[in-house]
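Comments concern the structure below.
Just so it is clear, none of the values below were taken in a lab; they were calculated from the coordinates. What you are looking at is a predicted structure, and each value in this text was computed from that prediction instead of being measured.
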Amino acid sequence: MNNYVKSGLVFAAGFGLAWLIARADISDLKADIATLKQGHAEYKTAQATARSDALETLLAKQQRDQERADTLAAELAVTQGQLLAVKQQLKARIDHAVANDGVTYTGLGPSGLQLYREALGYASDNADVPETRSGSAPRSDTATGPHVR
């Protein structure tokens, strides 16, 4: 055989062998790419599921918070209404107490004092309030107690 033919045969055999190796490598690379694509798709699906679960959890929390806010707003409206009613009652009672105390008092008279005691949560009777009539104040020379000298 001629050297050219031998060289041609060697070249053809080498080329064929390289082509088979390259084809096998390409098949392996295609399989690797398919595996990577599948892994990436699974990763994206897992990420989307995790985000969806997180959003559902946040939505449920937001709904609970909104329900709580609505309940508190309703309670606040009721309380404000009650406070307004009490305020109006006290205003009317203050006007009445001032009119009943008369012109002889320059500060709180018995009716005004009773009203303020009630408003502050004390008993409405005047059992522990000293007399306010003229001349009913005790004399200082008969006072007793730890601060008297």
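Look at where the Cα atoms of region 1-42 and of region 60-85 average out, and the two centres are 75 Å apart. Using a ≥ b ≥ c from the Cα gyration tensor of region 3-125 (square roots of the eigenvalues), is it rounded, prolate or oblate, where a/c under 1.5 gives rounded and otherwise the larger of a/b and b/c decides, a/b for prolate? Cα axes put region 3-125 in the prolate bin.
In plain terms, the chain from Asp32 to Glu67 could stretch by 7.4 nm, reckoned as 0.36 nm per residue minus the Cα-Cα distance.
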